[in-house]
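Structure first, commentary second.
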Amino acid sequence: MSAVTFDKVSRHFGAVRAVDGVDLDIAEGEFFAMLGPSGSGKTTCLRLIAGFERPTAGDIRIFGEPVADLPPYKRQVNTVFQDYALFPHLNVIDNVAYGLMIAGQGRKPRHKAADEALEMVRLGGYGARRPSELSGGQRQRVALARALVNKPRVLLLDEPLGALDLKLREQMQEELKTLQRQLGITFVFVTHDQGEALSMADRVAVFNEGRIIQVGAPEDIYFRPEVPFVADFVGSSNVLPAALVARLTGENCPAAIRPERLQLAEDGPVMARVTGLSFLGLTTRVSFEAEGTRLTALLPQDAPRPAQGDLVALTWAEGDLHLMRAGL
Amino acid sequence: MIAARSESIGTRLSDMLWRRPAVLLVLLLLPPVLWLGIIYLGSLFALLLQSFFSIDHFTGLINYRFTLSTYAELFTPANFDIILRTVTMAACCTLASAVIAFPIAYYAARYARGKWRAVFYLGIMMPLWSSYLVKIYAWKLILAKEGILTWALEGLRLNWLLEAYLSLPVVGGNSLSVSTTGTFIVFVYVWMPFMILPIQAALERVPGSMLEASGDLGARPAQTFRHVLFPLALPGIVAGSIFTFSLTLGDYIIPQIIGTSRLFIGQAVYQHQGIAGNIPLAAAFAVVPIVIMGLYLWGAKRMGAFDAL
Amino acid sequence: MKNTFITAVVSAITAASVATSALAQMTEIGEGEGQLSIVAWAGYVERGETDKAFDWVTGFEEATGCMVSVKTANTSDEMVALMNEGGFDLVTASGDASLRMIAGKRVQPINIDLVPSWSSVDDRLKDAPWHTVDGVHYGVPYMWGPNVLMYNTEAFAEAPTSWNVVFEETTLSDGESNAGRVQAYDGPIHIADAANYLMFHQPELGIEDPYELNADQYAAALDLLRGQRELVSRYWHDAFIQIDDFKNEGMVASGSWPFQVNLLQADNVPVASVIPQEGATGWADTTMLHVDSENPNCAYMWFEHQLSSNLQSDLSVWFGAVPSVPAACTDGRGMQTQEGCDANGLAQFDKIKFWKTPVANCESQDECVPYYRWVSDYIGVIGGR
């Protein structure tokens, strides 16, 4: 069964088309990521699911039920906010128990449930503290516990890891994933970080300018971008323009090739001039310019390194060049 | 060679202050601290001292001997009435101000943008620019028996409503301008900006996501108000109520021009000090609002009004 | 409030530092000191700034070189407070303030021999008890007038003959009750008006002087005033607010001063005034000299000026009062006329009980209720006690 479906959903703010004719189908139990640059409409889509926004056009269903007229407090979804939105006047346990208090549960059972939820996010014993006394990562877990304690059928996460430092972020990615497997709830996760989306999600929807450009498994998105935008935004792939691809393959369409797949050679199909080198540790990133197109290659540390200004030949294995649709 | 010797005094002074920032701090803070300490607290202390003296009732000269008799005078029925009346009025005004100010402040903090924001601030602040007395006399004309309000209600054939209200005991009277209700209306009007602005400031510090989170967790708007918005706005409401409450406690102009001629604390202070020359009793009366405000703040703190600060 | 604090402190400090001075009176007038400060009722010391026609200061300053400054006071109590603070030379004190200042030793005896025009003062005022104690004069009479009953001529077909229209509920000739349409003075001395009314209507109480009341008489007066509270929506103490109330609040009767009557009539409001059968209270003001005055020579020059110049005549027109020098009504030194003096109450002198301070140790009976009780009890009456 589908957890969330969008049917030609649009949300316009005056002349701005924040969401523009989006079709979407999120399966129950799925870890679904919405990926895109800021202003691409991914957060608005999340808010449409939560009920904070109402669609200008189109139809949204949650578990088959149309929700156009359903206010947020009647939807079986819960949200982890980007800024966590913990209530500063309540301590941690009352923050977590808030939803249960609203639902009319007595003090004892709701505190017990909240304690368990805190246990689950490994914050047992923090109940008496104020949100202001917690670190960013701890607040993030409280926000998570506060949402999960209500046993939502869909959990919405709006850039939940954005404010954390790198190490904590990687740790939380693991934890979220584990949690999702454990609970079996549908997670809808908004992020602008392609690494995060690819590493965590079962499926990724790439947003740009209010539309979904491509939906697919992380491998599909990464290795088989359908359009140049996805290739560039998700994989930092080299995008070869249609004219160049036509000369190389005879197909008149753009193509993508991953930087780590480009190799230097004595002779090759493309001649390029080296415009920059930067040392990245395991690899060296080399920038080229070839026939008006900027290309990037990641060379292993043991490969011969060209010098700035050299004219070199570039080559790749057959199958590394991935043909795409024209368009975005 | 460093040309230290040729530097001007100003430069050397700047260097010295840079090396010793504490000196600069002391220089900057000394005048205001002296002002606050000597002029302000000093006068307050002198006032307190006065309240322990008494007055010779015939000559009007002050008897400089320690006594509590002046405080005992506060509890004579007539004087205690004044205190009770003033505190009740202050409480009612504060409550009404908060109820009226909240939606206005909420609108300003959440929805007013750009031009409307400017219009809002102008609308709130403008009454503060005109003279306090002018406003009160204007209200006297509005509320008078043959005033604008009566005239307007007559036009709407609703003056029976006003008549019915004025026939009520305590709040009614011969006309609004000579009734307790009139005093109340003018107090609420005059202090309103002092309530709106702190509430607005408090509401502006509440992120929109906080309210969305509450709704997301199942709270209806009324529940969100009760459990999130109100507690978070409470410091602003308390700040505003400190203004409206203490200003009402101390005012002596409004009840003199609008109302039933029954005295308020401010008037009692004014009459006993300025007119009757009974400075000890005036001082004792002036201590009353200080004590009440102290109790009020203590109570507010105990109720957790400042927890969200 | 802060203002009040500071004033309180300043006045406290000054009061504390005032040294007691010997009560010696002047024996001769020397050179003027060049300045003179007077605590006065509003409108009492005019220099042509409010209305060009009314100026009795400029001439004095030109003749004597004493530059006059004025501190306006609104009530007798305020005058006493100001003189207790010190720093002023003269005060135009009413009878309910003068004795208090004499008792408090804030004013000095006056040598009437140094005031040549003293002989022109109304004989009935020369030794008046509100400025003469044990035969010693403490001031020079300034101006007097009655507290008249002002009424609206549309509500009253005929002039009311009794103060009962402001003390007891009654139906007026326009067919409506007087409740909510009358006012009373917002000062403790108004208790004397009630006593004056009782003196006429309840002779069994034995009131001889409305300012000298024993406990029973005093209680009866307060009872009358409690009944009046039901009729009065707002008490007046600011003349201009009373004027506004007669215009906009539908007020039809109140004790008042000729001052308000004149201003309202000038504005074509249908009001008139009368001194009813019970008589009336009134005020007789006396110029008194502060015990520590630094400008006594200028002060004595003012004493003479206030009796001999256009002051008596013009001020009585301006304020709706009666001159203390009867000749000022007729001798053309100013604008006043015999008709004007009569209208302002000259002939009613005997019907008027002048304001004086109620004291415990009174003349007409053993013991009277003193003024401080009047103050607190009147606050209580207005507060509904």
I'd like to know if the range A:284-292 contains one or more residues that are crowded, with 18+ Cβ neighbours inside 10 Å and at positive phi. no
Restricting the search to the range C:200-221, which residues are of a type in the set (A, V, I, L, M) and buried (at least 22 other Cβ atoms within 10 Å of the Cβ)? C:I207, C:L213, C:A221
Quick one: which residue in A:G64, A:G58 is modelled with pLDDT under 95, over 22 Å from A:V142 (Cβ atoms), crowded, with 16+ Cβ neighbours inside 10 Å and in contact with a Ser or Thr (Cβ under 9 Å, 6 or more places away or on another chain)? A:G58
Could you list, in sequence order, all residues of the range A:201-243 that are surrounded by fewer than 18 Cβ atoms within 10 Å (Cβ to Cβ) and not charged (D, E, K, R)? A:G216, A:A217, A:F223, A:S236, A:P241, A:A242, A:A243
Only residues that are within 15 Å of B:A268 (Cβ to Cβ) and charged (D, E, K, R): list them for the range C:368-385, please. C:D377, C:R385
Does any residue of the range A:235-242 turn out to be in a helix (DSSP H, G or I), free of Cβ contacts under 8 Å to residues at least 60 places away in the same chain and more than 23 Å from A:A307 (Cα to Cα)? yes
Looking only at the range B:70-98, filter to residues that are of a type in the set (F, W, Y) and without any contact (Cβ under 8 Å) to a residue 40 or more places away in the chain; which one of those is nearest to the other protein chains (Cβ to nearest Cβ)? B:F80
Within the range C:223-242, is even one residue more than 25 Å from B:S179 (Cβ to Cβ) and buried (at least 22 other Cβ atoms within 10 Å of the Cβ)? no
The condition from (1) modelled with pLDDT under 50; (2) within 12 Å of chain B (Cβ to nearest Cβ) that C:A73 misses is numbered (1)
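For every residue, the table says whether it meets (1) outside the structural domain of B:I148 (by the TED database); (2) under 24 Å from C:L231 (Cα atoms); (3) crowded, with 23+ Cβ neighbours inside 10 Å; (4) not basic (K, R).
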{"residue": "B:V178", "(1), (2), (3), (4)": "no, yes, yes, yes"}
{"residue": "B:T183", "(1), (2), (3), (4)": "no, yes, yes, yes"}
{"residue": "B:V188", "(1), (2), (3), (4)": "no, no, no, yes"}
{"residue": "B:I196", "(1), (2), (3), (4)": "no, no, yes, yes"}
{"residue": "B:S214", "(1), (2), (3), (4)": "no, no, yes, yes"}
{"residue": "B:V228", "(1), (2), (3), (4)": "no, no, yes, yes"}
{"residue": "B:S261", "(1), (2), (3), (4)": "no, yes, no, yes"}
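For (1) outside the structural domain of C:S273 (by TED's automatic domain parsing); (2) in contact with a Ser or Thr (Cβ under 7 Å, 6 or more places away or on another chain); (3) part of a helix (DSSP H, G or I), each residue gets a yes or a no:
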{"position": "C:S173", "(1), (2), (3)": "no, no, no"}
{"position": "C:G187", "(1), (2), (3)": "no, yes, no"}
{"position": "C:F200", "(1), (2), (3)": "no, no, yes"}
{"position": "C:E204", "(1), (2), (3)": "no, no, yes"}
{"position": "C:A219", "(1), (2), (3)": "no, no, yes"}
{"position": "C:R226", "(1), (2), (3)": "no, no, yes"}
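Quick check, is B:I82 part of a helix (DSSP H, G or I) and farther than 28 Å from C:M79 by Cβ?
no
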Scanning the range A:95-149 for residues that are aliphatic (A, V, I, L, M) and outside any helix (DSSP H, G or I), which turns out nearest to the other protein chains (Cβ to nearest Cβ)? A:A103
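The rows are residues; the columns are (1) more than 19 Å from the chain's Cα centre (by Cα); (2) under 20 Å from C:N164 (Cα atoms); (3) buried (at least 22 other Cβ atoms within 10 Å of the Cβ); (4) of a type in the set (D, E, K, R).
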{"position": "C:L264", "(1), (2), (3), (4)": "yes, no, no, no"}
{"position": "C:D285", "(1), (2), (3), (4)": "no, no, yes, yes"}
{"position": "C:N297", "(1), (2), (3), (4)": "yes, no, no, no"}
{"position": "C:E304", "(1), (2), (3), (4)": "yes, no, no, yes"}
Look at C:F200 and say whether it is aromatic (F, W, Y), touching a residue at least 24 places away in the same chain (Cβ under 8 Å) and more than 14 Å from chain B (Cβ to nearest Cβ). yes
Among (1) more than 8 Å from every other protein chain (Cβ to nearest Cβ); (2) within 18 Å of B:Y132 (Cα to Cα); (3) not in a loop (DSSP other than H, G, I, E, B), the one test that B:G266 misses: (1)
Mind counting the residues in the range C:69-87 that are in contact with a helix residue (DSSP H, G or I) (Cβ under 8 Å, 6 or more places away or on another chain) and either closer than 23 Å to C:Y185 by Cβ or hydrophobic (A, V, I, L, M, F, W, C) (or both)? 11
Can you list the strands (runs of 3 or more DSSP E) lying wholly within the range C:232-313 that have 1 or more residues being more than 30 Å from C:V133 (Cα to Cα)? C:253-256, C:271-274
Residues that are within 14 Å of another protein chain (Cβ to nearest Cβ) and within 25 Å of C:L149 (Cβ to Cβ): does the range C:333-355 have at least one? no
Do we find that B:V134 is more than 20 Å from C:A179 (Cα to Cα), assigned to a helix (DSSP H, G or I), of a type in the set (A, V, I, L, M, F, W, C) and within 21 Å of the chain's Cα centre (by Cα) in this structure? yes
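How many residues, within the range A:296-312, are surrounded by 10 or more Cβ atoms within 10 Å (Cβ to Cβ) and modelled with pLDDT of 85 or more?
Keep residues of the range A:296-312 that are surrounded by 10 or more Cβ atoms within 10 Å (Cβ to Cβ), which gives A:296-301, A:303, A:305-306, A:308, A:310-312.
Retained after the next criterion (residues that are modelled with pLDDT of 85 or more): A:296-300, A:306, A:308, A:310-312.
Number of matching residues: 10.
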All but one of (1) more than 14 Å from chain B (Cβ to nearest Cβ); (2) within 28 Å of C:A42 (Cα to Cα) hold for C:F240, so report the exception by its number. (1)
Given the conditions (1) surrounded by fewer than 18 Cβ atoms within 10 Å (Cβ to Cβ); (2) within 22 Å of C:N152 (Cβ to Cβ), and given that C:D186 satisfies all but one, which numbered condition is not satisfied? (1)
For the range A:72-82, indicate whether the set of residues that are outside any helix (DSSP H, G or I), free of Cβ contacts under 8 Å to residues at least 24 places away in the same chain and not small (G, A, S) is non-empty. no
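This table checks each residue for (1) free of Cβ contacts under 8 Å to residues at least 40 places away in the same chain; (2) buried (at least 22 other Cβ atoms within 10 Å of the Cβ); (3) assigned to a strand (DSSP E or B).
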| site | (1), (2), (3) |
| --- | --- |
| C:E28 | no, no, no |
| C:I38 | no, no, yes |
| C:G43 | no, no, no |
| C:E49 | yes, no, no |
| C:M79 | no, yes, no |
| C:N84 | no, no, no |
| C:A97 | no, yes, no |
| C:S119 | yes, no, no |
| C:P129 | no, no, no |
Matching option when the condition is without any contact (Cβ under 8 Å) to a residue 12 or more places away in the chain and not charged (D, E, K, R), among B:L48, B:L28: B:L28
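Results for (1) over 16 Å from the mean Cα position of the chain (by Cα); (2) at pLDDT below 90; (3) buried (at least 24 other Cβ atoms within 10 Å of the Cβ); (4) not small (G, A, S), shown as yes or no for each residue.
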| position | (1), (2), (3), (4) |
| --- | --- |
| B:P255 | no, no, yes, yes |
| B:A268 | yes, yes, yes, no |
| B:Q271 | yes, yes, yes, yes |
| B:A276 | yes, yes, yes, no |
| B:I279 | yes, yes, yes, yes |
| B:A282 | yes, yes, yes, no |
| B:V291 | no, no, no, yes |
| B:G304 | yes, yes, no, no |
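The values are calculated or read from the model by the stated rules, or taken from the named source; none is laboratory data. These figures come from a predicted structure and were not determined experimentally. Here the Cβ is made from the backbone with ideal geometry for all residues, glycine too, and neighbour counts use every protein chain on show.
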